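The values are calculated or read from the model by the stated rules, or taken from the named source; none is laboratory data. Owing to the predicted nature of the structure, the values given are computational and were not obtained by experimental measurement. Every residue, glycine as well, gets a Cβ built from its backbone with ideal geometry; the counts of neighbours run over all protein chains shown.
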Amino acid sequence: MNVYAASGEEIEPVMISALEHYSYCPRQCALIHLEQTFDENIYTLKGHIAHERVDQAIVRNEDDIRVERGLPLWSRQLGLTGKADVVEFHNNVPYPVEYKLGKQRKWQYEAIQVCAQALCLEEMTGYAVPSGAIYYCSSRTRREIDFDMQLREKVVEVAEAVRALLTSMTLPPGVNDQRCEKCSLIESCMQKKVHNANERDIEYALCDQRAGVPAP
């Protein structure tokens, strides 16, 4: 898919999944989408199992509702591309459903991802998409998401931030909070932090040596 900026310059489309990664942690987003780093842990493995069914491209009718699984998505206006786990069509109106591991929770970055899917579907189908849902596999419950103006604006804001991050080719600084506990990239993330710190120490030592500062 060709995407063009307002200047007419062709730009690389951003993966919809990157919006969730960036909203959770910009450094995680850069590690995955900029440095192509991906490590497995128990949570990612369970996530793969949860997505096995919905990742297969299938169209079927369920209770008079057309259901499409693994539906490719795109938006030229926002420069986004990706794939929806499930899209239900209620009288031709799309209703995206994103599958997530675990129990129901109220994390905004998950809502940003499914709202981005909705904006793609609006552009693709011409129908307004007022709401969608996140399905939590462990609790087998749905959390309905209303795509209000505030959430739509947040999607645009994050999409622009992700594009700027990927264009900068810069790895953001790491964090050290509760987000790190279940992050599959924590080892790769920490290794890069240590490596960068060691490089800085070497640079400082060389500068001191050139300036004639004695070593401690």
In this structure, is L78 at pLDDT 90 or above, under 21 Å from A118 (Cβ atoms), in contact with a Leu (Cβ under 7 Å, 6 or more places away or on another chain) and surrounded by 17 or more Cβ atoms within 10 Å (Cβ to Cβ)?
-> yes
Please verify whether region 123-140 includes one or more residues that are among the aliphatic types (A, V, I, L, M), assigned to a helix (DSSP H, G or I) and either within 28 Å of T81 (Cβ to Cβ) or at pLDDT 95 or above (or both).
-> yes
Taking region 93-120 only, how many residues are part of a strand (DSSP E or B) and either touching a residue at least 60 places away in the same chain (Cβ under 8 Å) or among the acidic types (D, E) (or both)?
-> 1
Checked region 153-195 for anything modelled with pLDDT under 90, in a helix (DSSP H, G or I), within 18 Å of the chain's Cα centre (by Cα) and farther than 18 Å from L34 by Cα; matches are R179, C180
Could you tell me whether any residue of region 121-130 is within 27 Å of R179 (Cβ to Cβ) and either in contact (Cβ under 8 Å) with a residue 24 or more places away in the chain or of a type outside the set (A, V, I, L, M) (or both)?
-> no
Matching residues in region 164-193 - criterion: being crowded, with 17+ Cβ neighbours inside 10 Å and under 20 Å from Q108 (Cβ atoms) | L165, C183
Filtering region 9-30 down to residues that are among the charged types (D, E, K, R) and surrounded by fewer than 22 Cβ atoms within 10 Å (Cβ to Cβ), which residue is farthest from A84 (Cα to Cα)?
-> E9
Can you name the number of the only condition in (1) in a helix (DSSP H, G or I); (2) of a type in the set (K, R); (3) at pLDDT 90 or above that R69 fails?
-> (1)
Residue satisfying all of: in region 125-151; surrounded by 16 or more Cβ atoms within 10 Å (Cβ to Cβ) and closer than 25 Å to R76 by Cβ; farthest from the chain's Cα centre (by Cα) among these | V129
Of everything in region 85-114 that's aromatic (F, W, Y) and surrounded by fewer than 16 Cβ atoms within 10 Å (Cβ to Cβ), which residue is modelled with the lowest pLDDT?
-> W107
